[in-house]
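Heads up, the thing below is written out as structure tokens.
The values are calculated or read from the model by the stated rules, or taken from the named source; none is laboratory data. Predicted model, so just to flag it, every value in this text is computed and none were measured. Cβ coordinates were reconstructed from backbone atoms using ideal geometry, including for glycine residues, and neighbour counts include every protein chain displayed.
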Amino acid sequence: MADYATLGHFLPYLLGKRLRAVVWPDATGERVGVVALLVFMMGYGAGFGVLLNHRESDGISEVLPELLLVLNAAWLVSALVVDFVPTLRPVTRPLPEHFPVSARQNVVTAFLLDLISLRRLLSAVFLLAALVVAPRHGLVPGFGLLLVLGGAVLSFNVRLLGALRRWRHPLLLVHAATLALMVWWILHPTQPYYTALGVAMVLLPCALWAAQLYWVAPSFGARYLPADPAHAAGRALDRLPLEWKVYTRKAWLSLLMGLVIKVLLVGASGLFFVKNGKLTTQGFFYIAFLPMVGFTYANNNLFGFLGAMAANELQRLGLTSRLLVLYARVVGPVVLVDCLLSAVLLLALFPSSLWHLLGLLPLSAAGLAAIGLWGSLYKAKQVVKTVDFANMRNNVSSLMSMFSVGFAAVLYFVPWWWLRVLLAGLVTLSAVWPLREVLANDGELRRRLWRGIST
């Protein structure tokens with residue numbers, strides 16, 4: 001008798017059951033909703049196919065490249081964000097341990113079941129409808145389907161390593177390179193190697209999936225998997241330093257909102273508001289481009305977000321350099337990621353005539369960090385209802401938010417670089433006062449901070 005049965009008849013049964021659960025749920029209301037979504041996506045896909053058939057028209061030829069970029073970005077984001085935000089969606093073993101099915105066969109089954117989701121089905125229906133209506137332009141929806149598949153495989157590969165707690169596996173770097181390839185392909189649709197990269201962006205994650213099937217899939221068993229995958233998925237924070245565990249649990253929604261605002265506003269500005277190498281509207285661009293939203297939503301009240309941790313430092317040691325190191329260790333990486341994202345968006349979406357704006361990033365980062373230190377010490381307040389869209393702005397002092405917005409606006413709109421450097425330098429040097437007060441363990445500041453974070 002063989003040690004392991006083949007996938008045999010149970011795989012079609014599981015896939016059919018999963019597909020029925022997605023397309024034809026038991027509840028009548030959900031069933032009607034799913035069918036309506038499928039019909040709508042089919043109609044929108046047909047409309048997109050009509051646009052492709054008339055892509056040479058004057059009005060459509062101008063809008064279509066931007067529309068394709070937005071749609072491809074939406075396919076990739078939908079394939080990744082839902083699986084990782086707000087928590088990691090775990091990869092679980094679909095068949096119990098006592099079944100005579102190998103670990104590799106369990107990985108194959110888990111992957112195929114993971115592919116069947118309403119989100120991916122709606123994307124596929126949209127693209128297939130466009131393909132049927134516009135077969136002469138089949139490369140456009142065809143590459144969209146490849147992007148959806150590549151994003152799904154990439155997501156599964158990363159989550160499989162997460163399920164096995166292989167967060168330092170060398171393949172993670174290759175997965176990051178694959179994601180960068182997908183983003184580059186989306187942002188450069190006119191390059192001569194566009195078609196080759198489009199094929200590579202789906203072949204590479206599939207090759208990595210095969211490598212993981214050979215390399216790490218044998219560990220996909222009860223001996224290596226956590227007893228409670230849902231709980232283990234939320235334990236990714238356990239690898240972080242203590243201050244980051246506290247900060248991330250409270251500020252993740254604020255940080256996520258800041259990133260979403262940045263991508264939407266900067267992306268829209270680059271795609272729709274650049275004419276002849278200049279921005280036609282700048283009223284909201286600077287808000288998203290400069291690393292400001294993270295401060296107005298969270299980092300101007302860092303010690304309030306750290307709460308009990310900052311209070312413990314005050315109670316045991318008072319005001320010491322440890323609080324300043326704590327501020328730098330949390331705010332520094334957040335600002336760095338924010339600035340790097342702004343730089344990538346500017347280089348990818350804007351002409352070279354606007355690349356000089358990159359110089360504003362370090363100037364604004366230094367000044368905003370100084371204002372954030374003032375706010376975190378002198379205008380600290382207790383954070384309540386952190387996961388609440390209506391309450392996020394109330395978790396930071398309005399006065400400090402006004403200072404942050406005002407500083408960023410002046411820095412951006414002043415036309416002389418020497419004045420920008422002078423302004424950023426003066427605002428940054430203003431942090432010398434709170435630094436001196438903290439190092440001197442000033443009693444008035446200590447009591448003020450304690451009242452702010454503990455009331």
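With Ala79, Ala124, Ala130 as the choices, which residue is in a helix (DSSP H, G or I), in the same structural domain as Leu213 (by TED's automatic domain parsing), under 27 Å from Pro25 (Cα atoms) and free of Cβ contacts under 8 Å to residues at least 60 places away in the same chain?
Among Ala79, Ala124, Ala130, only Ala124 is in a helix (DSSP H, G or I), in the same structural domain as Leu213 (by TED's automatic domain parsing), under 27 Å from Pro25 (Cα atoms) and free of Cβ contacts under 8 Å to residues at least 60 places away in the same chain.
Could you tell me whether any residue of the stretch 270-290 is part of a helix (DSSP H, G or I), among the small types (Gly, Ala, Ser), in contact (Cβ under 8 Å) with a residue 60 or more places away in the chain and within 18 Å of Leu347 (Cβ to Cβ)? Scanning the stretch 270-290, I find at least one residue that is part of a helix (DSSP H, G or I), among the small types (Gly, Ala, Ser), in contact (Cβ under 8 Å) with a residue 60 or more places away in the chain and within 18 Å of Leu347 (Cβ to Cβ), so the answer is yes. Candidates in the stretch 346-373 are the residues that are among the small types (Gly, Ala, Ser) and within 22 Å of the chain's Cα centre (by Cα); of these, the one that is modelled with the lowest pLDDT is Ala348.
If you filter the stretch 82-121 down to residues that are part of a loop (DSSP other than H, G, I, E, B) and small (Gly, Ala, Ser), you find that the one that is surrounded by the most Cβ atoms within 10 Å (Cβ to Cβ) is Ser102. Exactly one residue out of Trp184, Trp167, Trp209 is assigned to a helix (DSSP H, G or I), of a type in the set (Phe, Trp, Tyr) and in contact with a Leu (Cβ under 8 Å, 6 or more places away or on another chain): that is Trp184. If only one of Ala311, Ala343 is over 20 Å from the mean Cα position of the chain (by Cα) and either closer than 30 Å to Leu69 by Cα or of a type in the set (A, V, I, L, M) (or both), which one is it? After applying the criteria, what remains is Ala311.
Taken together, Tyr13, Tyr44 contain a single residue that is under 27 Å from Pro94 (Cα atoms) and part of a helix (DSSP H, G or I), which is Tyr13.
Once the stretch 302-332 is narrowed to residues that are β-branched (Val, Ile, Thr) and in contact (Cβ under 8 Å) with a residue 60 or more places away in the chain, the residue that is nearest to Leu435 (Cα to Cα) is Thr320. Scanning the stretch 273-308 for residues that are modelled with pLDDT under 75 and of a type in the set (A, V, I, L, M, F, W, C) yields a total of 4. Has the stretch 357-368 got any residue that is under 21 Å from Thr320 (Cβ atoms) and in a helix (DSSP H, G or I)? No: the stretch 357-368 contains no residue that is under 21 Å from Thr320 (Cβ atoms) and in a helix (DSSP H, G or I). The selection criterion, being surrounded by 13 or more Cβ atoms within 10 Å (Cβ to Cβ), closer than 16 Å to Ala298 by Cα and at pLDDT below 80, holds for Ser397.
The single condition among (1) at pLDDT below 90; (2) in a helix (DSSP H, G or I); (3) touching a helix residue (DSSP H, G or I) at 6+ places or on another chain (Cβ under 9 Å) that Arg451 does not satisfy is (3). Quick check on my filter: what residues within the stretch 309-333 are at pLDDT below 80 and not in a loop (DSSP other than H, G, I, E, B)? Selection gives Met309, Ala310, Ala311, Asn312, Glu313, Leu314, Gln315, Leu317. When Ala196, Ala200, Ala230 are checked against the criterion of being loosely packed, with under 14 Cβ neighbours inside 10 Å, assigned to a helix (DSSP H, G or I) and modelled with pLDDT of 75 or more, a single residue qualifies: Ala196.
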